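Notes follow the structure.
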Amino acid sequence: VTVEYERRHTLLEGEIEDNLITAVGESPEHLKAAFNLAEIFEAEIDFLTELRKGDRFRMVIEELWKDGIFKGYGDILLAEFWNNGRNYEAYRYEVNGRPGYYDPDGR
């Protein structure tokens, strides 16, 4: 059985103090969002060794709602990460029905 959710877009943003998880939030829903954000930028940023205090992130993410109750987060639609003075951007886009994340130049 497929559950149909109402999808709303919301902005999550934060600044790194210690690590990405505490910056995003430690609830189960936030953990998933943090892991997904790290996966998007894993080719550019080593989240275990390269994060710095003051690094920032921002993402537009789907909220999933059922009968007026928040059920969790869905896909990250766009994400930005500022790491050690560099800005990274990723946009969710489907090619031939397969979702992926691309920078502003389509790579």
TODO: Mind listing whichever residues of segment 64-73 are surrounded by 17 or more Cβ atoms within 10 Å (Cβ to Cβ) and either touching a Phe, Trp or Tyr at 6+ places or on another chain (Cβ under 6 Å) or over 19 Å from G14 (Cβ atoms) (or both)?
DONE: L64
Open item on the list: Go through segment 59-89 and report how many residues are of a type outside the set (D, E) and closer than 20 Å to I45 by Cβ.
Closed with: 15
Task: Hey, Y88 surrounded by 17 or more Cβ atoms within 10 Å (Cβ to Cβ), assigned to a strand (DSSP E or B) and hydroxyl-bearing (S, T, Y) or not - done: no
- [ ] Taking the options L37, L20, L77, name whichever one is over 23 Å from R8 (Cβ atoms) and either surrounded by 14 or more Cβ atoms within 10 Å (Cβ to Cβ) or at pLDDT 95 or above (or both).
- [x] L20
- [ ] Just give me the residues in segment 39-61 being more than 10 Å from the chain's Cα centre (by Cα) and either in a strand (DSSP E or B) or under 13 Å from E29 (Cα atoms) (or both), in sequence order.
- [x] R56
Task: Positions within segment 80-102 being at pLDDT below 95 and either in contact with a strand residue (DSSP E or B) (Cβ under 7 Å, 6 or more places away or on another chain) or acidic (D, E) (or both), in sequence order - done: Y93, E94, P99, G100, Y101, Y102
Task: Residues within segment 72-105 that are charged (D, E, K, R) and more than 17 Å from the chain's Cα centre (by Cα), tallied - done: 3
Task: Residues that are over 14 Å from M59 (Cβ atoms) and of a type in the set (A, V, I, L, M), drawn from segment 74-107 - done: V95
TODO: State the number of residues belonging to segment 23-60 that are within 19 Å of P104 (Cβ to Cβ) and among the β-branched types (V, I, T).
DONE: 3
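The values are calculated or read from the model by the stated rules, or taken from the named source; none is laboratory data. Source: prediction; values computed, not measured. In this analysis, Cβ positions are derived from the backbone assuming ideal geometry, glycine residues included, and neighbour counts consider all displayed protein chains.
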